[in-house]
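Just below is one structure, and these are the notes that go with it.
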Amino acid sequence: MEWNKVKKIFIYLLLIMNAGLFVANWYSNNKYTMSLSEERAIYKVLENNGISLYTDLIKDTPPMRSLGVAVAALDYNHYKDLVFDTDEQVEKTFEFEKTVLVSDTKVLSVEGNGIVYLNPDGTGEILNFNKDTALAEANEFLAIISSGTINKLKVENVEVFDDRFVFEYNERYQGYKLFNNEKKVVVSKKGVIMLNGAYYTVSSFVGERREIVSCDEALMTFIDAFKSTDISRAVYIEKIELGYDFQSSGDIADGSSIRLIPCYRIITSETDRVYTINAYTNEIME
């Protein structure tokens, strides 16, 4: 008889323990997820300030670590062999830390971890010129220039100017966009006529996971910053992104090993400014 009581008590304890684990697990999974009431509230605040949202909110924001990267050391001779023909006459000049290679039709500038390539004659005429064929040409050229990293690059923006397309790429690391690792390729009917890119080598996540501010909190910081501008007409937010960038513009000068931090990037329809917000501190990054 006593044994039956003990079994019942033991079963009750197990049920209570499982219920506690269920509640703890639910709280852990939902602590960093925007609630419906929070979503409605931020839409209302945006509306009251004349701002419309034409993109999705980022609703899941779990703690994030910093990201370690290194400045890639670029060898101008390597890129010379890639973009100039063997029979081209190439003149080389040095401007401080910049190396400039010039032929009759092409210019290649290599400085630190960045390159700029200009070729008004293009890489070759594109038949049936449209967005898809232009993108294919840009991807093919990037595969040559960015060997080993092309599979990590993703087109983030496409713009059309008269007879040319401008493709903007960003590298991704484990699903997160690296705002600093950006490539821009301009394609006309003649092929690729310009490439501008920065190169950083990702090492790994570093430091402890830290809580980041939620998307609605970042939007409140954006609203405060936007209200200080002289734009009085209604605007809309085109894009909200969560990724990694430098904490300040002076980070590069600290050495070859750099730590990127999580940040939000907010792009509007009415200004060229990109609002970047530190996801740890909820402060505008300049």
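Points worth noting:
Conditions tested, residue by residue: (1) farther than 30 Å from residue 172 by Cα; (2) among the aliphatic types (A, V, I, L, M).
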| residue | (1), (2) |
| --- | --- |
| 65 | no, no |
| 74 | no, yes |
| 77 | no, no |
| 84 | no, no |
| 91 | yes, no |
| 95 | yes, no |
| 105 | yes, no |
| 108 | no, yes |
| 111 | no, no |
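- Flag if residue 92 is loosely packed, with under 14 Cβ neighbours inside 10 Å and at pLDDT below 95: yes
- Within region 124-134, the presence of at least one residue that is within 25 Å of the chain's Cα centre (by Cα), without any contact (Cβ under 8 Å) to a residue 12 or more places away in the chain and not assigned by TED's automatic domain parsing to the domain that holds residue 235 is confirmed.
- All positions within region 93-113 that are touching a helix residue (DSSP H, G or I) at 6+ places or on another chain (Cβ under 8 Å) and farther than 22 Å from residue 181 by Cα: 101, 106
- Sub-8 Å Cβ pairs linking a first residue in region 95-111 that is touching a residue at least 12 places away in the same chain (Cβ under 8 Å) to a second residue that is in a strand (DSSP E or B) and of a type in the set (Phe, Trp, Tyr), at least 6 apart or interchain, are 106/117; 107/117; 108/117, ordered by first then second residue.
- Residue in region 156-176 that is closer than 23 Å to residue 66 by Cα, polar (S, T, N, Q) and without any contact (Cβ under 8 Å) to a residue 40 or more places away in the chain present: yes
- With respect to being charged (D, E, K, R), within 24 Å of residue 265 (Cα to Cα), in contact (Cβ under 8 Å) with a residue 24 or more places away in the chain and loosely packed, with under 14 Cβ neighbours inside 10 Å, residue 208 fits the description.
- Count of region 151-172 residues which are under 26 Å from residue 84 (Cβ atoms), modelled with pLDDT under 90 and of a type in the set (A, V, I, L, M, F, W, C): 1
The values are calculated or read from the model by the stated rules, or taken from the named source; none is laboratory data. Computed from a predicted structure; not experimentally measured. Don't worry about glycine lacking a Cβ; one is built from the backbone with ideal geometry, like all the others, and counts go over all protein chains shown.
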